[in-house]
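The values are calculated or read from the model by the stated rules, or taken from the named source; none is laboratory data. As the structure is a prediction and not an experimental result, all values here were calculated from the model. Note that we place each Cβ from the backbone using ideal geometry, even for glycine, and neighbour counts take in every protein chain shown.
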Amino acid sequence: MDFTLTPEQQLLRDGLSKFLDTRYDLNTSRDVAKIGDGWQPEIWRAFAEDLGVIGAVLPESIGGADGGAGELMVVTEALGHALVVEPFVDTVILGARLLARFDDKRARAVAEAIAEGTALSALAALEDTSGGNLNRVATRAERHDDGWILNGTKAVVTTAPLANYLLITARTAGEVGDRDGISLFLVDLTEGAPEGLAMEAVRTVDDRRAADITISDLRLPADALIGTEGAALPELELAWDEATAAVVSEAVGAMRKVHDDTVEYAKQRQQFGVPIGSFQALQHRMVDMLMELEQSVAAQYLAILNLDAAPAERAAAVSAAKATISRAARFIGQNAVQLHGGMGMTEELAIGHYFRRLTVIEYEFGSADAHLARFAAHTQ
C-alpha cells in the first residue's frame, strides 16, 4: 500500500495547517464553545470559500472537488491537531456526503448548501448513549394522508442546536433490531423547530453543542422521506463508518499535539534543579505515549484505506481502528495530564481541553468494547 500523499493532498494539508496555525486561536474557540454561539461562522465560511476544505471531501455532483478517503484523513487530522470545534464530521460526513448518495432532489439541494458553507446539518440516529447499532431504532414513522407522522426520541444529537437541517432515522416497518424497515427523513429547521419536535440543549464534556430530542406527532410532508422507504440502513452504515474513520483521524491529530506539548513541557519544567524530562521514569512514560501514537497512526491508515472495501471488510477495519484509538486516547490523554501535574486540567493550558476531547472520542461512535464485538462479528 502507498501511504504517500499526492501533491494535491499535500497542498490541502499545508494550506489548512497554515490557516489553523495563524487564524484559529484556541482561546477564542474555547470561549465561543463555552459561552458563545458554539461555533465561528466566519471560520466555516473560510473553510468553504477560501480553503475549499468542505468541498474537498464531497462529490462533484454537489459542488465538491470529488475527494476521497485520503482527503478525509488529511482534513480531519489537521482539525484534530488544532482542536477545531466547528461541526465538520456532523455536517459534512454525516450530512452532505450521506445526502449526496441518494437520488433525491431535496437531499441534493441541502447537500449543495452544505458544500457552499451556507448550511449545517445533524444526524439524529441513536436513541441511547451506548453508541450501539444503527438498527436499534424504536422511533416510528407512519403514513398519514399525503405525508408522515413521527414519534420517538433521539439521544445526544451533536450539532442539533446549531443545525439548519436535521436528518432523523425512523422505522417504517419491522421491530427494533431488524435491519430492514429503517428510513431517513429530512427536517427543515431554518425557521426553527417545527411543532412536534422538542430539543433539550446540552453541552458535552468537550464543549460541543448537542440536544436530546423528543418527537411527538411530528408531521412531515411526503418528500421528507429521503431515498427508498425502509432501505436507508446500508447508506447510514457507510456514512457512520466514514464518520468513525474521520474521528479516528481527528484523534491522531489531537494525540500528536498532546504528545509534542508534553515533551516540550518536560524539557522546560524544572524539579530539583533539572528538567523533569531528564528523569528516566518520565522518559519511559513519554516513549510509551509515542508508541501508542504510532499504533494509532497505523490504525488510522487501516480505517481510511478500507472505506471503499466491501461492507464486512470495511466494518472490521474501522472497528479495529476505533478500538485501538479508544485505548490510545485514554492512555495518552491521562498520561499527558499527569505529566503536567495540577496545571494539566486548568483552563490556561491547552492540554486540559485536548484531554476532554480525547475522553469523548474514546466513546464517540462506539466504545472499544462495542467495536471489539463488532470486529469479532465481521471476522468469524
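Here are some residues: Gly341, Gly333, Gly352. Which one is crowded, with 21+ Cβ neighbours inside 10 Å, over 25 Å from Ala69 (Cα atoms) and not assigned by TED's automatic domain parsing to the domain that holds Leu72? If you could, list the steps in order and put the result at the bottom.
On the way: Gly341 fails: crowded, with 21+ Cβ neighbours inside 10 Å; Gly352 fails: crowded, with 21+ Cβ neighbours inside 10 Å.
Answer to the selection: Gly333.
Looking at this structure, is Thr169 within 27 Å of Leu372 (Cα to Cα), touching an Asp or Glu at 6+ places or on another chain (Cβ under 6 Å) and of a type in the set (Ser, Thr, Tyr)? Before the answer, list the steps.
Working: within 27 Å of Leu372 (Cα to Cα): yes; touching an Asp or Glu at 6+ places or on another chain (Cβ under 6 Å): no; of a type in the set (Ser, Thr, Tyr): yes.
No.
If I ask for residues that are touching a Gly at 6+ places or on another chain (Cβ under 8 Å) and either crowded, with 24+ Cβ neighbours inside 10 Å or not in a helix (DSSP H, G or I) (or both), which ones from region 225-251 would you list?
As a first pass, look at region 225-251 and keep what is touching a Gly at 6+ places or on another chain (Cβ under 8 Å): 230, 235, 244, 249-251.
Result: Gly230, Thr244, Ser249, Glu250, Ala251.
Inside region 34-53, can you point out the residues that are β-branched (Val, Ile, Thr) and touching a helix residue (DSSP H, G or I) at 6+ places or on another chain (Cβ under 7 Å)?
If the condition is that a residue be β-branched (Val, Ile, Thr) and touching a helix residue (DSSP H, G or I) at 6+ places or on another chain (Cβ under 7 Å), then Val53 is the only one that fits.
For the condition under 20 Å from the mean Cα position of the chain (by Cα) and of a type outside the set (Phe, Trp, Tyr), what is the one hit in Asn133, Asn151? Please lay out each step first, then the result.
Values: Asn151 fails: under 20 Å from the mean Cα position of the chain (by Cα).
Exactly one of Asn133, Asn151 is under 20 Å from the mean Cα position of the chain (by Cα) and of a type outside the set (Phe, Trp, Tyr), namely Asn133.
From the list Asp21, Asp37, Asp66, which residue is over 29 Å from Thr190 (Cα atoms) and surrounded by fewer than 17 Cβ atoms within 10 Å (Cβ to Cβ)? Spell out how you get there, then give the answer.
Working: Asp37 fails: over 29 Å from Thr190 (Cα atoms); Asp66 fails: over 29 Å from Thr190 (Cα atoms).
None of the other options fit; the residue is Asp21.
Could you say which residue among Thr346, Thr379, Thr359 is hydroxyl-bearing (Ser, Thr, Tyr), modelled with pLDDT of 95 or more and more than 16 Å from Thr244 (Cβ to Cβ)?
Numbers: Thr346 fails: modelled with pLDDT of 95 or more; Thr379 fails: modelled with pLDDT of 95 or more.
Just one listed residue meets the conditions, Thr359.
If you scan region 7-33, which residues turn out to be within 19 Å of the chain's Cα centre (by Cα) and basic (Lys, Arg)?
Arg13, Arg30
Kindly establish whether Gln270 is touching a residue at least 60 places away in the same chain (Cβ under 8 Å), among the polar types (S, T, N, Q) and not assigned by TED's automatic domain parsing to the domain that holds Gly68. Walk me through how you get there before you give the answer.
Details: touching a residue at least 60 places away in the same chain (Cβ under 8 Å): no; among the polar types (S, T, N, Q): yes; not assigned by TED's automatic domain parsing to the domain that holds Gly68: yes.
The answer is no for Gln270.
What are the pairs with Cβ atoms under 9 angstrom where one residue, in region 178-198, is free of Cβ contacts under 8 Å to residues at least 60 places away in the same chain and the other, located anywhere, is acidic (Asp, Glu) and part of a loop (DSSP other than H, G, I, E, B)? Sequence gap at least six, or different chains.
Gly181/Glu175; Gly181/Glu229; Ser183/Glu229
Taking Glu264, is it in a helix (DSSP H, G or I) and under 30 Å from Gly174 (Cα atoms)?
Details: in a helix (DSSP H, G or I): yes; under 30 Å from Gly174 (Cα atoms): no.
Spelling it out, it is not the case that Glu264 is in a helix (DSSP H, G or I) and under 30 Å from Gly174 (Cα atoms).
Name, by its number, the condition in (1) assigned to a loop (DSSP other than H, G, I, E, B); (2) under 22 Å from Arg108 (Cβ atoms) that does not hold for Ala193.
Condition (2) is where Ala193 drops out.
Suppose we keep only residues that are touching a residue at least 40 places away in the same chain (Cβ under 8 Å) and in a loop (DSSP other than H, G, I, E, B) within region 299-358. Which one would you say is farthest from Thr204 (Cα to Cα)?
In this case the residue turns out to be Asp308.
Can you confirm whether region 93-100 contains a residue that is outside the structural domain of Ala239 (by TED's automatic domain parsing), among the basic types (Lys, Arg) and closer than 23 Å to Ala210 by Cβ? Full working, then the answer.
Step one: of region 93-100, the residues outside the structural domain of Ala239 (by TED's automatic domain parsing) are 93-100.
In the following step, the residues that additionally are among the basic types (Lys, Arg) were identified as 97.
Next, only the ones that are closer than 23 Å to Ala210 by Cβ stay: 97.
Within region 93-100 (the criterion being outside the structural domain of Ala239 (by TED's automatic domain parsing), among the basic types (Lys, Arg) and closer than 23 Å to Ala210 by Cβ), the answer is yes, since at least one residue qualifies.
Which residue is nearest to Val205 (Cα to Cα), if the candidates are limited to region 19-51 and must be in a loop (DSSP other than H, G, I, E, B) and without any contact (Cβ under 8 Å) to a residue 40 or more places away in the chain? Reasoning before the result, please.
Taking region 19-51 as the starting set, the residues that turn out to be in a loop (DSSP other than H, G, I, E, B) are 24-25, 36-40, 51.
From what's left, without any contact (Cβ under 8 Å) to a residue 40 or more places away in the chain: 25, 36, 51.
Working: Asp25: 20, Gly36: 16, Leu51: 29 Å.
So the residue we want is Gly36.
Picking from Met199, Met255, which residue would you name as being modelled with pLDDT of 95 or more, in contact with an Asp or Glu (Cβ under 9 Å, 6 or more places away or on another chain), part of a helix (DSSP H, G or I) and aliphatic (A, V, I, L, M)? Outline the logic, then answer.
Numbers: Met199 fails: part of a helix (DSSP H, G or I).
Only one candidate passes the filter, namely Met255.
Would you point out the residue of region 4-18, among those that are hydrophobic (A, V, I, L, M, F, W, C) and in a helix (DSSP H, G or I), that is surrounded by the fewest Cβ atoms within 10 Å (Cβ to Cβ)? Please lay out each step first, then the result.
Initially, region 4-18 is screened for residues hydrophobic (A, V, I, L, M, F, W, C), giving 5, 11-12, 16.
Restricting the remaining residues to those that are in a helix (DSSP H, G or I) gives 11-12, 16.
Details: Leu11: 12, Leu12: 24, Leu16: 24.
Selected residue: Leu11.
I'd like the residue in region 52-63 that is part of a helix (DSSP H, G or I) and over 16 Å from the mean Cα position of the chain (by Cα) and, out of all such residues, is surrounded by the most Cβ atoms within 10 Å (Cβ to Cβ).
Of the residues in region 52-63, the ones part of a helix (DSSP H, G or I) are 55-57, 60-62.
Narrowing further to those that are over 16 Å from the mean Cα position of the chain (by Cα): 55-56, 60-62.
On the way: Gly55: 25, Ala56: 23, Glu60: 12, Ser61: 13, Ile62: 21.
Selected residue: Gly55.
Let's see how each residue does on (1) touching a Gly at 6+ places or on another chain (Cβ under 8 Å); (2) at pLDDT below 90; (3) closer than 19 Å to Arg209 by Cβ:
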position: Met1; (1), (2), (3): no, yes, no
position: Glu8; (1), (2), (3): no, no, no
position: Tyr24; (1), (2), (3): no, no, yes
position: Asp31; (1), (2), (3): no, no, yes
position: Trp39; (1), (2), (3): no, no, yes
position: Pro59; (1), (2), (3): no, no, no
position: Ile62; (1), (2), (3): no, no, no
